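What follows is one structure encoded as structure tokens, with my remarks underneath.
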Amino acid sequence: MPGNTFGHSFRITTAGESHGPGNVVIVDGVPSGIPLSVDDLRIDLRRRRPGQSPLVTQRQEDDEPEILSGVFEGRTTGTSIAILIRNTDQRSSDYSDIRDKYRPGHADYTFDARYGFRDYRGGGRSSARETTARVAAGAIAKKLIAEEFGGVVVGYVLQVGAIRAKIPNPELVTLQQVETLADGSPNFVRCPDYDAAPKMVELIDEVRRDTDSIGGVSEIVATNVPAGLGEPVFDKLKADLAKALFSLPAVLGVEYGIGFACAEMRGSQNNDVFVAEAAKSGTRILTSSNRHGGMLGGISSGMPIVLRAAIKPTSSLAQEQPTVTRDGQPTTIRTKGRHDPCLLPRFVPMGEAMVAIVLADHWLRWKTVRRMVQ
């Protein structure tokens with residue numbers, strides 16, 4: 001099965017299924033000497049794991065990572081890093097009734113069309129369970145960009161259903177604001193607008209009681225990204241970021257900067273004016289606004305990179321829906337199992353991971369080019 005590898009200089013390869021023994025990722029291209037331990041991986045894996053709050057699936061997985069290679073005495077060796085995350089709470093019997101039925105909104109039919117065979121247990125390879133491996137790789141990418149250029153990637157929930165948060169300065173949102181409410185309690189919905197957050201929680205709880213689901217939007221912001229990352233034409237930074245986010249389950253739309261709102265603007269309204277400011281290293285070129293979302297011509301401008309991903313409602317529903325069997329016979333389906341009524345809270349660390357992986361990849365590619373021209 002091709003399509004399991006992503007990246008060039010920073011490259012990840014993943015394997016695993018929702019109800020298999022576990023998920024694994026191999027990360028190539030990590031420079032030697034970077035401090036790395038399982039504690040570094042646990043932070044984001046715990047933000048992604050199921051069972052973390054009443055708003056998400058109650059499947060209980062510790063998502064404990066095992067570093068199998070590429071790290072010695074707490075530092076990366078420069079060789080391939082292999083990480084295994086075992087599955088411990090599968091309930092495959094929940095899916096026995098749907099082995100010959102196609103779930104609306106799922107990849108059941110398209111997997112059959114592609115391979116003539118599918119793993120019906122929770123979605124198999126197309127399940128979001130696979131993203132444990134990406135989040136582990138993303139934690140490494142975050143460490144790399146932090147050490148190399150002070151890069152920081154923070155994601156959050158911007159919208160659930162029709163409830164949209166007000167975030168005046170996306171580049172100023174911190175991880176603490178995303179994870180913790182003003183009173184210090186956990187921010188289960190991961191929305192840094194503390195007025196909108198409880199309304200989102202109430203909506204998610206409402207659809208859960210109705211055995212339904214709800215979609216929304218996640219915003220992901222990368223700061224301290226230097227200008228010059230990205231390749232012209234096909235390997236533009238924006239193209240790789242879009243592919244990275246679209247590769248995640250349930251993503252139906254991606255935009256950056258002003259996004260689709262540019263369609264209503266004139267050029268004089270949309271353009272960001274260049275300005276110069278003094279810096280320790282000399283004159284720094286910035287823009288007075290950031291409608292371009294930190295990328296011009298597919299190359300980073302030095303301004304914060306601001307992306308948004310639209311996430312569809314969870315397809316697996318406990319309510320009965322019409323469908324067909326593999327041989328085309330009309331039937332009905334009610335999906336058992338444990339599923340998120342809203343994917344947004346657990347999507348945040350997944351989106352952060354993929355953005356960090358792209359930035360790490362393009363940074364290493366940029367360094368290679370710079371060495372060649374010096």
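Couple of notes before you dig in:
- Residue 367/residue 331 FRET efficiency (R0 45 Å; Cβ-Cβ; nearest 0.05): 0.20
- Spin-label model, residue 32 to residue 64: label points 7 Å out along the Cα-to-beta-carbon direction sit 3.2 nm apart.
- Helix 237-246 and the long axis of the chain differ in direction by around 20°, with both axes built from C-alpha atoms.
- Local charge for residue 9 was computed over the other residues whose Cβ lies under 10 Å away, with Lys and Arg +1 and Asp and Glu -1, and equals +1.
- In degrees, nearest ten, helix 344-373 long axis to first principal axis of the chain (Cα): 40
- Simple rule: put +1 on each Lys or Arg Cβ and -1 on each Asp or Glu Cβ in the chain, find the dipole, and look at 270, 369, 55; the Cα lying farthest toward the positive end is 369.
- Sites residue 180 and residue 97, calculated FRET efficiency, Cβ-Cβ separation with R0 45 Å, nearest 0.05: 0.65
- Centre-to-centre separation between the Cα atoms of the stretch 212-272 and those of the stretch 156-170: 16 Å.
- Using a simple spin-label model with pseudo-atoms 7 Å out from Cα toward Cβ, residue 319 and residue 73 lie 6.1 nm apart.
- Lys pairs under 25 Å by Cα in the chain, provided they are eight or more residues apart or on distinct chains: 22
- Remark: the chain carries a charge dipole of roughly 560 debye about the Cα centre, counting +1 on each Lys and Arg Cβ and -1 on each Asp and Glu Cβ.
- Selection from 318, 187, 257 lying farthest towards where the dipole of the chain points positive, charges on Cβ: 257
- Ordered by the number of other Cβ atoms lying within 10 Å of each residue's own Cβ, fewest first, 81, 220 fall into the sequence 81, 220.
- Principal-axis analysis of the Cα atoms of the chain puts helix 196-209 at an angle of about 20° to the longest axis.
Readers should treat all values here as calculations from the given coordinates under stated rules, not as data from a laboratory. Source: prediction; values computed, not measured. Counting neighbours? That spans all protein chains shown, and the Cβs are built from the backbone with ideal geometry, glycine included.
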